[in-house]
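The values are calculated or read from the model by the stated rules, or taken from the named source; none is laboratory data. It should be emphasised that the depicted structure is a prediction, and the values quoted were computed from it without experimental measurement. Because the Cβ atoms are built from the backbone with ideal geometry, glycine has one as well, and the counts that use them run over all protein chains shown.
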Amino acid sequence: MRIVFVSLFHDFIGGGEHSLFDLLRGLPRRWHPLLVTPEAGPLSAKAALAGIDVAHLPMPKLGLASLPALWQWFAWLRSERPVLLHANNSRAAVYAGIAGRLHGIPMVFHCRVAARDVRLDWLIGRLASRIICNSRAVARRFVARHDKVEVIYNGVPAIGTEPAKKPWKAEAVMLFAGRLSAEKQPDMAVRAFARLAADFPRLHLAMVGGSDPQNMGYGAKIRGEADGLPCAGRIHWLGQCENMAPWYAVADLLVVPSQHEGFGRVIVEAMGCGIPVIAFAVGGIPEVLQDGVQGRLVQPGDEAGLAKALHDLLDDAQLCRSMGEAGRRRVSDFSPEAHAEAMAKMFALLVEKVP
């Protein structure tokens, strides 16, 4: 049976696109996925290489330009006739939901962001047959439509192993992995590192992540501020990395100082590699990371508390090892197989209800 998966983004902007791709690959064979993006890009190219059908349909900003785009959607769905639509973003849910409603095709909105969209949430709540959220924190976004909401945690594939050789003559490596965006707060990671630098003279900070496409100047600003620190020579800006395995292999700690985090994919990846995680207790992170077990949770915005938690773990190798082992055990709860199975079960129930 054909399911159309719709993504507003044609590139791997964040964990949401990676999770969508993992789901496309992991669905049972009875389902035949087709990925729709507004234009060709890395996401559709990778899907095509994996043997997944791909199409491109317009999804302009909502307004007068939406009318011809919606007509194109309507005509395309009339010829394609899928049994189900799955939208990975708010705007994608509006286009897929309206066109699907006209054809009697149910639409699932996969919500991965806790922040409310005051313009679109009410409409999505009406259009969606089911709203899948990747954490209970995200589910609170649609509390008014709780009858449609189901929490299914993301599945995260295991990261391959790599030879673990410390770079830069480092004794320990602290890792930040995420976009250089205001919501990920890489500046907090840098300042926490600066507080630790004197006590740990052979500690290095690896900053892995590309620029924020919505604010390209933010990363440059953070780097400029970091360049003025006495420890600047031990801060390494590595850009976006397709293969994270080498950095997880050498990391001793992962720091996640995000303002918002619907789920926290990098946390699960790091735990699977036996790396303790220090993170702000925001969004869905406390549902994934157990404080004092696989790492430490710190109150949001507490820069001194973040640095202290990092200091305590760097000072206690045995605690780091025990937390790393606990992380390896924890990731079995977030397997791609379990995620795909839960999604397929929900798809089947929706399709059965279609007259």
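Tabulated data for the structure shown
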item: Single unsatisfied condition, residue 150 versus (1) buried (at least 16 other Cβ atoms within 10 Å of the Cβ); (2) at pLDDT 95 or above; result: (1)
item: Among (1) assigned to a loop (DSSP other than H, G, I, E, B); (2) in contact with a helix residue (DSSP H, G or I) (Cβ under 7 Å, 6 or more places away or on another chain) - the single one residue 22 does not satisfy; result: (1)
item: Residue in the stretch 225-245 that is in contact with a strand residue (DSSP E or B) (Cβ under 6 Å, 6 or more places away or on another chain), modelled with pLDDT under 95, part of a helix (DSSP H, G or I) and surrounded by fewer than 21 Cβ atoms within 10 Å (Cβ to Cβ) present; result: no
item: The stretch 183-214, residues that are over 25 Å from residue 165 (Cβ atoms), charged (D, E, K, R) and in contact with a helix residue (DSSP H, G or I) (Cβ under 8 Å, 6 or more places away or on another chain); result: 187, 191, 195, 212
item: Test: residue 50 is surrounded by fewer than 14 Cβ atoms within 10 Å (Cβ to Cβ), within 27 Å of residue 349 (Cβ to Cβ), under 22 Å from the mean Cα position of the chain (by Cα) and small (Gly, Ala, Ser); result: yes
item: Boolean, residue 304 is in contact (Cβ under 8 Å) with a residue 12 or more places away in the chain and under 22 Å from the mean Cα position of the chain (by Cα); result: no
item: Residue 348 being over 23 Å from the mean Cα position of the chain (by Cα), part of a helix (DSSP H, G or I) and not assigned by TED's automatic domain parsing to the domain that holds residue 246; result: yes
item: Boolean, residue 11 is of a type in the set (D, E, K, R), in a helix (DSSP H, G or I) and closer than 22 Å to residue 210 by Cβ; result: no
item: Pairs where the first residue, in the stretch 331-355, is under 18 Å from residue 149 (Cα atoms) and the second is surrounded by 17 or more Cβ atoms within 10 Å (Cβ to Cβ) and of a type in the set (Ser, Thr, Tyr), C-beta under 9 Å, 6+ apart; result: 339/19; 339/153; 342/153; 350/129; 353/129
item: Single residue of 223, 202, 179, 195 found to be assigned by TED's automatic domain parsing to the domain that holds residue 267 and either touching a Gly at 6+ places or on another chain (Cβ under 7 Å) or of a type in the set (A, V, I, L, M, F, W, C) (or both); result: 179
item: Matching residues in the stretch 16-45 - criterion: being under 23 Å from residue 261 (Cα atoms) and hydrophobic (A, V, I, L, M, F, W, C); result: 20, 21, 23, 24, 43
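For (1) more than 18 Å from residue 138 (Cα to Cα); (2) in contact with a helix residue (DSSP H, G or I) (Cβ under 7 Å, 6 or more places away or on another chain); (3) among the basic types (Lys, Arg); (4) at pLDDT 95 or above, each residue gets a yes or a no:
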site: 278; (1), (2), (3), (4): yes, yes, no, yes
site: 289; (1), (2), (3), (4): no, yes, no, yes
site: 294; (1), (2), (3), (4): yes, yes, no, yes
site: 299; (1), (2), (3), (4): yes, yes, no, yes
site: 322; (1), (2), (3), (4): yes, no, no, yes
site: 325; (1), (2), (3), (4): yes, no, no, yes
site: 332; (1), (2), (3), (4): yes, no, no, no
